[in-house]
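The values are calculated or read from the model by the stated rules, or taken from the named source; none is laboratory data. Computed from a prediction, not measured in an experiment: that's the story for all the values here. Here the Cβ is made from the backbone with ideal geometry for all residues, glycine too, and neighbour counts use every protein chain on show.
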Amino acid sequence: MSDPSEAPTPWDVPQARDLYNIRRWGAQYFDINDAGHVVAKPLLDAGAAVDLTDVIEEAKGRGLKFPVLIRFQDILRHRVESINLAFRNSITEFNYQGRYRGVFPIKVNQLREVVEEILDAGKPYDFGLEVGSKPELFAGLALQNQVGSLIICNGYKDAEFIKMAMLGLKLGKKVILVVEKLEELRQIIALSKQLGVEPQIGIRTRLLAKGGGKWADSAGENAKFGLSTAELLVATEVLKAEQLAHCFKLLHFHIGSQVPDILTVKKAVQEAARLYAKLFKMGFAIEFLDVGGGLGVDYDGSRSAFDSSTNYTLQEYTNDIVFYIADVCNAEKVPHPGIISESGRAIVAHHSVLIVEVFGSIEKARLRDQFQYGDSEHALVRELLDIRKNLGKLNKLEAYHDALERKEDAQHMFTLGMLDLPDKAKIETLFWEISHEVVRSFRGQAYVPEEIRKLEDALGDQYLCNFSVFQSLLDHWALDQLFPIMPVSRLTERPAREATLVDITCDSDGQVNKFIDLRDVRDTLPLHPLNPNGSGKPDPYYLGFFLMGAYQDIMGDLHNLFGRVNEVHVFLDPDEATGYYIEEIIEGTTIVQALASVQYDENELKRQMKAQMDEAIKSDRMKPSEAMRLLDDYERGLKEYTYLAI
């Protein structure tokens, strides 16, 4: 419950927009309506606004349990169109003579329904795929079924990988094998002769320009992939010696994922364009310059060079690429190459939202009425009662220090067996009550001491959320990646609590305690009380985890065997009364599916449980009817969702 001593203040939707920063990170795809519900606008103002609360209710009506992932396929289409149109605008503005052909790196989200939607939206632009493994190549060959369709093959390759790429060439696709190390070039040439196919070769170069942000080390002189300048020259000599100079179709570079600073992009493009120009003058009529990935997403809305943001727009990004390539080529008097980019994150991040149900909270300083205090209390309890009684007249920081000292004294005494459990509980409760009042007294002041700011974070609640960080938010756990998180309803109410989020895994790392903020990183998230009517039972309360489409969908693990979550796919349709419909439901992992992934056989599990039930019946521990009912519960439970049924 909110603190009764804090008088309610006016609150409205514009304040909620500012608090959660939705107008900035939402990229116009997300907003809050007058009812205080988050809405998605997949086509911006050109289509319907989808109320996430309505989608939640429809999912519940169809029997889906939470967590649920909502996919907006129209956002995927809009992102593909936006990137292609941005490059077209830049090409027109700078009189660029080459064309743009983007590819989607399917490692960012390999889910079939995602890749197919992107390819369908990209048909008018000859949009292609980038693959980095044999399974991805096998999928790409099947999905890219048009003659001339583009597939860029990155990553280390073996003979089977190269042979499959050659199959694509025989089928009329434009499959370019990007050389990551010199040995690959020789293997590609040998296998192409053996198969009677002339290869299409790209070479990745290691630029001296280095990326920024969390993935900066994926570029530069010590990068995992690519050829140094000296190795690049060796490769050109090999191609000339084999009379395959004309097969050198593409020059590739990559400066890392989620590049936050546009200056990094500018420097890398200039260096790569200069390499292209020099190679062209050496007799290599290279067709494409592949600028790799790196186009970032503004996760926090700050539009800064912070790791979870970008200080540039999509149009600025494409303008700089096109301008600097043209500028270098014009100076060197060489043709403008075709431009390829591998922007995956910027295409898929916005399209999926994870809806998580909060089912409880762990609160501090909320047990004021738990204890009755008499005249014979322990000395430490009496001292804390005195601090609490006179807090209005005391120096607040000094009062906090005194209370902290009493709490630490109590802990030492308890450890030595000199303090009873009820007294320890009273001392801790009084300490948190005093701390809460101290923190409240500093609110609104121009200067708040660092230890009081930390105390305010420590006083935050823990909201218990029915999901797994390790399955659905892996980059937050592994890389401290920030994602926008906010309630999807009740946004006409002031959020009166500060909280961190904990998941249902049996792991202390299964929590979210870093949140987006315009100026820094927040340690708590403003949320609403769970039972505002004092009912004692939490009302349904749902949080949206936004911009989840890049990597999070595919990289999750099986910690505690939770597995994939339920999904609903939303499509806009002006003929529908609501302007949209749920096109598809994909059920998440069941218990038996999760167990099968770690080599448990369903029939063997059932057999072993039946044997135990039979033994319990024989030894009179169970009646046959009870045993059969419990066995039926076990077998039926194997088909259930792995997450909690709230």
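For this structure, a couple of remarks:
- Checking residue 326 against (1) buried (at least 24 other Cβ atoms within 10 Å of the Cβ); (2) at pLDDT 95 or above, the condition it does not meet: (1)
- Which listed residue, of 467, 431, is farther than 26 Å from residue 40 by Cα, touching a residue at least 12 places away in the same chain (Cβ under 8 Å) and of a type outside the set (A, V, I, L, M): 431
- Pick from the stretch 613-638, criterion closer than 21 Å to residue 591 by Cβ and surrounded by fewer than 11 Cβ atoms within 10 Å (Cβ to Cβ), ranking: farthest from the chain's Cα centre (by Cα): 632
- Any chance residue 428 is surrounded by 15 or more Cβ atoms within 10 Å (Cβ to Cβ) and either out of contact with any Gly (no Cβ under 9 Å at 6 or more places or on another chain) or within 30 Å of residue 30 (Cα to Cα) (or both): yes
- Pairs, first in the same structural domain as residue 114 (by TED's automatic domain parsing) in the stretch 317-346, second of a type in the set (Ser, Thr, Tyr) and modelled with pLDDT of 95 or more, C-beta under 7 Å, six or more apart: 318/90; 319/90; 322/90; 322/96; 326/96; 336/96; 337/276; 339/100
- The sole residue among 480, 423 that is on the phi > 0 side of the Ramachandran plot and modelled with pLDDT of 90 or more is 480.
- Residue selected from the stretch 93-112 under the condition surrounded by fewer than 21 Cβ atoms within 10 Å (Cβ to Cβ) and among the charged types (D, E, K, R), by the criterion farthest from residue 566 (Cα to Cα): 93
- Single match in 158, 126 (criterion: among the charged types (D, E, K, R) and farther than 30 Å from residue 351 by Cα): 158
- Qualifying positions in the stretch 340-378 - among the aliphatic types (A, V, I, L, M) and at pLDDT below 95: 362, 365, 367
- Taken over the stretch 109-150, the criterion of being under 23 Å from residue 551 (Cβ atoms) and among the acidic types (Asp, Glu) is satisfied by 113, 116, 117, 120, 130, 136.
- Residue count, the stretch 225-253 (criterion: touching a Leu at 6+ places or on another chain (Cβ under 9 Å) and within 30 Å of residue 480 (Cα to Cα)): 3
- Taking the stretch 516-575 as the range and being small (Gly, Ala, Ser) and within 20 Å of the chain's Cα centre (by Cα) as the test, the residues that pass are 544, 549, 550, 556, 563.
- The listed residue being among the charged types (D, E, K, R) and at pLDDT below 95, out of 604, 583, 640, 635: 583
- Figure legend. Inter-residue proximity from the stretch 238-257: first residues in the same structural domain as residue 199 (by TED's automatic domain parsing) and in contact (Cβ under 8 Å) with a residue 24 or more places away in the chain, second residues aromatic (Phe, Trp, Tyr) and in a strand (DSSP E or B), beta-carbon distance below 9 Å, spacing 6+ or different chains. Indicated pairs: 239/248; 249/288; 250/288; 251/288; 252/288.
- Odd one out for residue 107, checked against (1) outside any helix (DSSP H, G or I); (2) within 23 Å of residue 160 (Cα to Cα): (1)
- Being surrounded by fewer than 21 Cβ atoms within 10 Å (Cβ to Cβ), touching a residue at least 60 places away in the same chain (Cβ under 8 Å) and among the polar types (S, T, N, Q) is a condition met by at least one residue of the stretch 305-315.
Residues checked against (1) acidic (Asp, Glu); (2) out of contact with any His (no Cβ under 8 Å at 6 or more places or on another chain); (3) modelled with pLDDT of 85 or more:
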{"position": "503", "(1), (2), (3)": "yes, yes, yes"}
{"position": "510", "(1), (2), (3)": "no, no, yes"}
{"position": "513", "(1), (2), (3)": "no, yes, yes"}
{"position": "516", "(1), (2), (3)": "no, yes, yes"}
{"position": "528", "(1), (2), (3)": "no, yes, yes"}
{"position": "531", "(1), (2), (3)": "no, yes, no"}
{"position": "535", "(1), (2), (3)": "no, yes, no"}
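- When the stretch 120-146 is limited to residues that are among the small types (Gly, Ala, Ser) and part of a loop (DSSP other than H, G, I, E, B), the one that is surrounded by the most Cβ atoms within 10 Å (Cβ to Cβ) turns out to be 132.
- Filter result for the condition that a residue is crowded, with 19+ Cβ neighbours inside 10 Å, polar (S, T, N, Q) and under 23 Å from residue 517 (Cα atoms), over 489, 435: 489
- Every residue from the stretch 261-309 that is β-branched (Val, Ile, Thr) and within 35 Å of the chain's Cα centre (by Cα): 262, 264, 265, 269, 291, 297
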